[in-house]
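First up is the structure itself, then whatever we jot down about it.
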Amino acid sequence: MLMPKRVKYRKYQSGVVRGIATRGNRVVFGDFGLMSLEIGVIDARILEACRLFATRFLGVAASFYIKVFPHKSYTAKPQEVGMGGGKGEPEYWAAIVRPGTIMFEVGGVSEDIARKCFNLLAHKLSVKTKMVSRSNF
């Protein structure tokens, strides 16, 4: 599962995510990309599930790139624990995506295969997405 090797602080405040993506919003490595259309949080387990599915679906001839990384930890307290006692322990790591963020890229395959792969990947994600190509930019 993806997670940072080291972090300065184990526990982060929630914060509010606003705006559109200004970085990571272009298809760079592959020919086609899956772009987020809304703000969302993508769990590291979901990213791993997407990676496994795409590598099996595309085979060895294609290149699959993950462009987001789960940098932010989310905490939770155990069930049936009373109020107080501080903040809970880190439960999982997640990536924050804004509208316009390219999450995955595929290279070395036709547009039909890339569209089918991204359509199936989009069902695993909790944000609305669309497929874009390098020629769109």
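No value in this document is a laboratory result; all are computed from the given coordinates. This one's a predicted model, so the numbers in the text were calculated from it and none came from an experiment. Reconstructed Cβ throughout: ideal geometry from the backbone, glycine too, with neighbour counts over all protein chains shown.
Tell me, which residue of the stretch 63-122 that is over 24 Å from Met3 (Cα atoms), surrounded by fewer than 21 Cβ atoms within 10 Å (Cβ to Cβ) and among the small types (Gly, Ala, Ser) is nearest to the chain's Cα centre (by Cα)?
Step by step, filter the stretch 63-122, then rank; the result is Gly107.
I need the full set of residues from the stretch 1-56 which are surrounded by 12 or more Cβ atoms within 10 Å (Cβ to Cβ) and in a helix (DSSP H, G or I), in order please.
Ala44, Arg45, Ile46, Leu47, Glu48, Ala49, Cys50, Arg51, Phe53, Ala54, Thr55, listed by residue number.
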